[in-house]
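This report refers to the structure that appears directly beneath it.
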Amino acid sequence: MTLQELGWNSFFKNNFQNYGDNGLIPARVLLEQKSELIVFSEKGESTAKLAGKIRFNAQTKSDLPVIGDWVALRQLNDGTAIIEAILPRQSQIVRISPGMRKKRIGRISEEQVIGANIDIIFIVTGLDRDYNIRRIERYLTLVYNSGAIPVIVLNKSDLCSDVDEKLSEIESIAIGVPVHVLSAASDDNLQILHQYFSPGKTIALLGSSGVGKSTIINKLLGYERQKVREISSSVGKGQHTTSSRELIFMPGGGIIVDNPGMREITLSAEDEDIGDTFQDIELLARNCRFSDCRHLSEPGCAVKKAIEDEELDNERFMNYQKMKNEMKFIDDKKEFGSRKAVKEKWKRIMKDNNMGGE
C-alpha cells in the first residue's frame, strides 16, 4: 500500500521534511491499544511505542497520537518501532471529555481528540426512536469544527412511516449538507454512500449507539467485520458494539473509521462554528436593532419576531442559545483555569526568590 493510498498528501509531506533527514519514515496510526499503537507505512504494519519526550511534553491527552494521525517513525531491528513525533493534523474531531461540563468551574475542561485527518464524516442517525433533530445540530457543529466535510445519513428508513417529513426537516436545518436516506439492514439505497470513497480518502462515522454504524460498515465492506447487537426493546437505546476506534481499509480504496456511540456530545468549538450550523439565526440576528441583542426581551429583535411569526422554530432557537451558553461556560472554565495556573506559577517563583535571598 502506498502512502497516497493511506491518505498522504502535500500537507503532510511538507511537515515531514525535517524528519526524513534523520532516518525516520512516515506512518499512519491504525489502532490504539493500552500501551502500544499499530501503525502502517509503505513497509507494512508495525507495533510502535511512544518516545519518552512525546509523553513528557504532552500537556493534555490531545497532544498524544490518535487514530488517523501521521507520525514520524523509527524502525528498530527487532521489528518494533518508536514514534518520534506527531505531524500537524489537517483535521481533527474534538469534544470536551465526557462528564467535564458537570465539573466545577475551577477545573480546566480537557479536550478529547477522537480522530485525526478525517476527510468526510457521516453523521448517522436512525429514523426510529433514535431520531433527534437537536442532536443532529450538535453533531453538525462538531463536524464543522473538525475541518471535515459533513454528510448526514438517515438509516432505518424501513422503520419510519414519515420519511419525507423527516427528510424535509433535516434539509431545513442542514443547509447545503448532503442528506441520504437508506436502510442498511435491507441494503436499500446503501450503494449511494460508495460515491464518497476513493483511494486516500478517510471517512468516519459518528452517531449514537444503535443507529446502525456497524451494520453500514459491514455492508460497505461486504463481510461481517463489526459486531452488531439488537436495540434494547425496553428502552429503545442501542448498546455499544464498538469499544475502540480503528482505520479499516475499503476493498475498492479509501479508509473508514467506526467510532463508539456517543451519548454525551459536549462541544469544543468557536462561535463561528455554531454560526455554520445555525446560519438562518445568524442572518436574522444581523437585523436586530441592537448589535449586542441577546434575543430575550430587547425591542426590535428580529429573531424573536421570526419566532412569533412562526418563521423560526422556537426549539431550534433554544438549542442555539443552549449551545452558545455551553461554550461560554467552557471558555470561562478555561480562562479561570489559566489564571489559576499563572497565579500558582508566580507563587512558586516568589517562594524560590525568597528562599534564594536567605
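Descriptive notes on the structure:
- Taking 23 Å as the limit for the C-alpha separation, the pairs LYS166/LYS305; LYS213/LYS324; LYS34/LYS61 exceed it in the case of LYS166/LYS305; LYS213/LYS324.
- Spacing of the modelled spin labels on ASN22 and LYS61, each 7 Å from Cα toward Cβ, amounts to 2.7 nm.
- Equivalent ellipsoid semi-axes, the range 144-201, via Cα gyration tensor eigenvalues times 5, rooted, Å: 21, 18, 8
- Efficiency of FRET from Cβ geometry, SER168 and PHE11, R₀ 41 Å, rounded to 0.05: 0.60
- Extension gain (nm, one decimal) between GLU315 and GLU224, 0.36 nm per residue minus Cα-Cα: 28.8 nm
Values in this text are rule-based calculations from the coordinates and carry no lab data. Everything numeric here is computed off the predicted structure, so don't read it as measured data. FYI the Cβ positions are ideal-geometry reconstructions off the backbone, even for glycines, and counts take in every protein chain you see.
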